[in-house]
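Take a look at the structure set out below.
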Amino acid sequence: MKNIIIFGAPGSGKGTYSEAIVNRYGMGHISTGDVLRAEIKNGTELGKIAQGYIDNGQLIPDELMIDILASTYDRQPQGKGVIFDGFPRTIAQAEALKKMLLERGHGLGMMIELIVGEDVLMERLLRRAQIEGRADDNEETIRKRFAVYHSQTAPLSEWFAAEGIRHTFDWSICKTKEGMIEAIFQEIDKENQ
Ligand code: ATP
Ligand code: MG
């Protein structure tokens with residue numbers, strides 16, 4: 001299996017579709033948000049640093065994220081491909097990921113971009129706040145995360161297009177979670193045949 005990078009704004013469903021992909025294809029899964037939240041929960045040094053950024057809706061500094069990513073990648077089962085969920089979020093992270101994979105003889109694989117309007121995103125994140133109680137899922141922090149997404153992360157979409165590996169999926173066309181999953185699976189099958 002090729003590696004998969006799942007890309008989109010906060011609340012676009014990266015975690016949800018990653019889970020569906022993992023269940024179907026048995027790949028490894030790295031969610032940098034989950035990794036950071038586990039560090040915070042365990043009270044580690046890294047967790048303490050990360051908390052300040054996350055609560056503010058800011059990105060963790062690139063050097064730190066890149067180290068975490070490489071060590072997490074090397075702990076994944078080999079040969080099945082990995083889904084990167086929430087990474088890369090900056091051009092520097094994307095360049096570092098490409099280099100890290102190349103050094104191991106692996107490729108970036110395919111990038112899946114989830115396109116969802118901001119009103120839908122806000123609605124979803126506020127609903128999730130009531131269910132999961134994530135500290136950064138409040139309206140003020142969500143607005144900051146959207147701003148960070150637009151300024152630092154969204155430009156990466158063109159970086160992936162230039163690599164020739166961007167595949168976009170639009171919520172307003174698929175309309176349901178099942179429709180999105182079906183379209184994504186079809187594209188993954190096509191890439192891996
Ligand atoms: P969702 O998971 O619903 O799509 P999200 O993308 O905002 O929403 P996470 O990916 O869980 O949520 O990230 C939560 C926070 O963790 C980010 O706002 C940021 O502070 C930090 N974080 C996660 N991944 C990275 C990264 N690659 N670089 C820098 N910071 C990160
Ligand atoms: Mg997530």
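The values are calculated or read from the model by the stated rules, or taken from the named source; none is laboratory data. Just so it is clear, the model here is predicted, and its values are computed rather than measured. Neighbour counts are summed over all protein chains in view; Cβ atoms, including those assigned to glycine, are modelled from backbone coordinates with ideal geometry.
The numbered conditions (1) near ligand 1 (Cβ under 9 Å from one of its atoms); (2) within 22 Å of P155 (Cα to Cα); (3) within 18 Å of the chain's Cα centre (by Cα) are all true for I68 except (2). Residue selection: L114 satisfies the criterion of being assigned to a strand (DSSP E or B), in contact (Cβ under 8 Å) with a residue 60 or more places away in the chain and either within 27 Å of E139 (Cα to Cα) or within 16 Å of ligand 2 (Cβ to nearest atom) (or both). Checking each residue in region 163-182 for being assigned to a helix (DSSP H, G or I), touching a residue at least 12 places away in the same chain (Cβ under 8 Å) and surrounded by 17 or more Cβ atoms within 10 Å (Cβ to Cβ) picks out W171, M180, I181.
Residues that are farther than 26 Å from I188 by Cα, within 14 Å of ligand 1 (Cβ to nearest atom) and in contact with a Leu (Cβ under 6 Å, 6 or more places away or on another chain) do occur in region 23-40, at least one of them. Give the residues of region 47-98 that are under 17 Å from S151 (Cβ atoms) and of a type in the set (F, W, Y), sorted by residue number. Correct list: Y53 only. Restricting the first member to region 136-162 and to residues that are closer than 19 Å to V120 by Cα, and the second to residues that are charged (D, E, K, R) and in a helix (DSSP H, G or I), the beta-carbon pairs closer than 8 Å and six or more apart or on different chains are D136/D55; D136/R145; D137/R128; T141/D55; F146/E118.
Which of the following residues is under 23 Å from K177 (Cβ atoms), among the basic types (K, R) and loosely packed, with under 14 Cβ neighbours inside 10 Å: R24, R104, R75?
Values: R104 fails: under 23 Å from K177 (Cβ atoms); R75 fails: under 23 Å from K177 (Cβ atoms).
Unique residue meeting the criteria: R24.
Condition check ((1) closer than 17 Å to T90 by Cβ; (2) away from ligand 2 (no atom under 14 Å from the Cβ)) across all residues:
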residue	(1), (2)
S18	no, no
Y25	no, yes
I30	yes, no
R37	no, no
T44	no, yes
D55	no, yes
Q58	yes, yes
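Checking G107, G43, G79 one by one, the residue that is more than 14 Å from ligand 1 (Cβ to nearest atom), outside any helix (DSSP H, G or I) and either within 12 Å of the chain's Cα centre (by Cα) or on the phi < 0 side of the Ramachandran plot (or both) is G107 and no other. So the check is Cβ under 7 Å with 6+ separation or different chains; which pairs have a first residue in region 21-43 that's without any contact (Cβ under 8 Å) to a residue 60 or more places away in the chain and a second one that's assigned to a helix (DSSP H, G or I) and more than 16 Å from ligand 2 (Cβ to nearest atom)? Cβ pairs passing all conditions: I30/Y73; E39/L46; E39/G47; I40/G47; I40/Q51. Within region 1-25, the set of residues being of a type in the set (F, W, Y) and either at pLDDT below 95 or assigned to a helix (DSSP H, G or I) (or both) comprises Y17, Y25.
If only residues of region 117-135 that are touching a residue at least 40 places away in the same chain (Cβ under 8 Å) and not basic (K, R) are counted, the one that is nearest to ligand 2 (Cβ to nearest atom) is L125.
Only residues that are in contact (Cβ under 8 Å) with a residue 40 or more places away in the chain and either in a helix (DSSP H, G or I) or closer than 15 Å to K14 by Cβ (or both): list them for region 46-58, please.
Residues of region 46-58 that are in contact (Cβ under 8 Å) with a residue 40 or more places away in the chain, as a first pass: 54-58.
Within region 46-58, I54, D55 qualify.
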